[in-house]
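*Asks:* To start, I am sharing the structure in question, which I have written as structure tokens.
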């Protein structure tokens, strides 16, 4: 799979985003991996609201794509994300993986569409949307949509929302980790599984750096 | 019940001005204030109900058709009879039931012997309950199981306290329509702590051409009670479009458990647009079991409002869409209290150009600590012309909630078909077997006679469907 990492650049340049560009349909003509992250450590101050729309269209036979969305929503952050994949040629495939950690007062609104047209036979499309809640007063909307008009396809989606597992938390604390450190470790572990999927080494480093906690532990 | 003397019932036939001599009465086609007033007059309803109907009519005329979902613009509201009285009034024993009705039952596959298993049979033939029998022990327990019209007549206080409180007439266009012209349906009250072991059954059917059916069901399961309610719908095939817009309200009180089972097999020209809602209090459990097989378009999203701690809502549904059918079904679970839980399991099969949709909503309010919900939707598409949608929405405004949603869409696996055919089954038998296996988890939850009926129906539908 040739890896073209468009999304990261798109997002980094989002300060000047214009809506039309944001809504543009991207034609997938070769195997591509899209990584979406949030521009958090912005030098010009924090952007509290992010709105992003990624539309992929599969018109060429046999191409495949992967969408990775990796987010750690700091306090008060609001992200609205839409991904949509439209399969109108045969033998295409697309896997979408979205993972987000919600800290206090953050909000994550995600809509993930999979559309398979009459000609999209032998399509493989999967969508996973997992949210780990680590704070209080969080809001989360999830709207995974399947619209399927062909029969010879495999399509599915899964969406989960859950709190940090008490047992994991307890275990880490019993090993001598502080509350914050244990929490950060769990959050990192949750997101890192997607980071590992990134094929390009450079990009992987950037993303890994982003999700790593900046906190200093005693 | 046999002791009941109701002058009003015969009064209208004998001395009423509004009843034609012909014992069957059809309201004029179309909907107007006059028709609504007429219905209310025939039923000899109290003033508040007439006012309610008229307000609902106004709301119906104001409201627009839903802008989402299947296309409903082909419904001609002026071409429908809004009220139809059956040939005979309620009968108390099986022998008194008219032969023609018995024959239809026979066709439905309801054996005579089965009656003994039924705690009470309510058959809605056309718009009113034509047969009702309650076994004695039910009555001794104080269980009320009547047609909704009778419920209003005999228990006006109880009726008024709950009627329309869960689904106001302004809820949606079809709830407004139902509130304006409702007739028939069941009124059920289960007293505190009473366990009704055998399911309460009601059969609904439409027999006249272009007949709208607007039954209204009101169920109150008081504290700590348990009961099941089963309704099955079949209708003979006729050519013009027909409309079915029912409203069902269920109150599940503290610690009560109620199960509402529907098997819907309307003929393929019926628009089935139903509003069903349950309010579940502390420790209560509400279960909806829903089978949608027939109709042209079904739009049905039973919901549970979980308002008490530890309340639970459950929804199991099967949808089967064949040519020219669109089954748009789903569920709504609204978590409003701590430790509430819910589960939605939806299975759908589309064939011969049919379309199935799952449309659902799970909402967790900020106060609903530790709410849990699990949604599973599986769709099977059997041929190239058919389609399937999954349109769920989850709104989670509470940090401690645990919500899962999972959906898959697939066709029948080649390997499975190959294996079964290699064992000597024909391809269509093999497909039938796989489909039966696919819906099995829900069929298992049905009363036995329904499960058999459903399996027989699927088999029939699947016959010769291999493409």
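*Asks:* With the requirement that a residue be farther than 22 Å from residue B:69 by Cα and part of a loop (DSSP other than H, G, I, E, B), what does the range B:281-297 give you?
*Replies:* Those that are farther than 22 Å from residue B:69 by Cα and part of a loop (DSSP other than H, G, I, E, B): B:281, B:282, B:283, B:284.
*Asks:* Hey, among B:138, B:57, B:65, B:87, which residue is at pLDDT 55 or above, in the same structural domain as residue B:156 (by TED's automatic domain parsing) and part of a loop (DSSP other than H, G, I, E, B)?
*Replies:* B:65
*Asks:* Just checking, does the range B:386-405 include any residue being more than 8 Å from every other protein chain (Cβ to nearest Cβ) and under 26 Å from residue B:457 (Cβ atoms)?
*Replies:* No, the range B:386-405 contains no residue that is more than 8 Å from every other protein chain (Cβ to nearest Cβ) and under 26 Å from residue B:457 (Cβ atoms).
*Asks:* I want to confirm something. Restricting to the range B:315-324 and keeping residues that are without any contact (Cβ under 8 Å) to a residue 60 or more places away in the chain and crowded, with 24+ Cβ neighbours inside 10 Å, which single residue is farthest from residue B:362 (Cα to Cα)?
*Replies:* B:319
*Asks:* Of the residues B:365, B:379, which single one is farther than 20 Å from residue B:457 by Cβ and either at pLDDT 95 or above or more than 21 Å from the chain's Cα centre (by Cα) (or both)? Outline the logic, then answer.
*Replies:* On the way: B:379 fails: farther than 20 Å from residue B:457 by Cβ.
None of the others qualify; the one that does is B:365.
*Asks:* If residue B:328 satisfies all but one of (1) surrounded by fewer than 23 Cβ atoms within 10 Å (Cβ to Cβ); (2) part of a strand (DSSP E or B), what's the number of the condition it fails?
*Replies:* (1)
*Asks:* Does the range A:182-194 include one or more residues that are touching a helix residue (DSSP H, G or I) at 6+ places or on another chain (Cβ under 6 Å), without any contact (Cβ under 8 Å) to a residue 12 or more places away in the chain, more than 14 Å from chain B (Cβ to nearest Cβ) and surrounded by fewer than 15 Cβ atoms within 10 Å (Cβ to Cβ)?
*Replies:* No: zero hits.
*Asks:* In the range A:171-181, which residue that is touching a helix residue (DSSP H, G or I) at 6+ places or on another chain (Cβ under 9 Å) and in a helix (DSSP H, G or I) is nearest to the other protein chains (Cβ to nearest Cβ)?
*Replies:* Of everything passing the filter in the range A:171-181, A:179 is nearest to the other protein chains (Cβ to nearest Cβ).
*Asks:* Can you tell me which residue among B:147, B:176, B:183 is closer than 26 Å to residue B:38 by Cβ, modelled with pLDDT of 90 or more and under 18 Å from the mean Cα position of the chain (by Cα)?
*Replies:* Working: B:147 fails: modelled with pLDDT of 90 or more; B:183 fails: modelled with pLDDT of 90 or more.
Result: B:176 is the single residue among B:147, B:176, B:183 that is closer than 26 Å to residue B:38 by Cβ, modelled with pLDDT of 90 or more and under 18 Å from the mean Cα position of the chain (by Cα).
*Asks:* Does residue B:378 satisfy being more than 25 Å from residue B:279 (Cα to Cα), in contact (Cβ under 8 Å) with a residue 60 or more places away in the chain and within 11 Å of another protein chain (Cβ to nearest Cβ)?
*Replies:* Against the criterion (more than 25 Å from residue B:279 (Cα to Cα), in contact (Cβ under 8 Å) with a residue 60 or more places away in the chain and within 11 Å of another protein chain (Cβ to nearest Cβ)), residue B:378 qualifies.
*Asks:* So residue A:94 clears everything in (1) more than 11 Å from chain B (Cβ to nearest Cβ); (2) surrounded by fewer than 20 Cβ atoms within 10 Å (Cβ to Cβ) except one condition, right? Which one?
*Replies:* (2)
*Asks:* If residue B:278 satisfies all but one of (1) part of a loop (DSSP other than H, G, I, E, B); (2) surrounded by 23 or more Cβ atoms within 10 Å (Cβ to Cβ); (3) at pLDDT 95 or above, what's the number of the condition it fails?
*Replies:* (1)
*Asks:* Would you mind telling me which numbered condition in (1) crowded, with 24+ Cβ neighbours inside 10 Å; (2) under 17 Å from the mean Cα position of the chain (by Cα); (3) not assigned by TED's automatic domain parsing to the domain that holds residue B:220 residue B:357 fails?
*Replies:* So residue B:357 meets the others, but not (2).
*Asks:* Hey, can you tell me all the residues within the range B:331-354 that are outside any strand (DSSP E or B) and more than 20 Å from the chain's Cα centre (by Cα)?
*Replies:* Selection gives B:336, B:337, B:338, B:339, B:340, B:351, B:352, B:353, B:354.
*Asks:* Return the residue satisfying two criteria in turn: it lies in the range B:406-426 and is at the interface with chain A (Cβ under 7 Å from one of its Cβ atoms) and closer than 22 Å to residue B:322 by Cα, and of such residues it is surrounded by the most Cβ atoms within 10 Å (Cβ to Cβ).
*Replies:* Filtering first and then ranking leaves B:409.
The values are calculated or read from the model by the stated rules, or taken from the named source; none is laboratory data. For clarity, every value in this text was computed on a predicted model and none was experimentally measured. Neighbour counts are summed over all protein chains in view; Cβ atoms, including those assigned to glycine, are modelled from backbone coordinates with ideal geometry.
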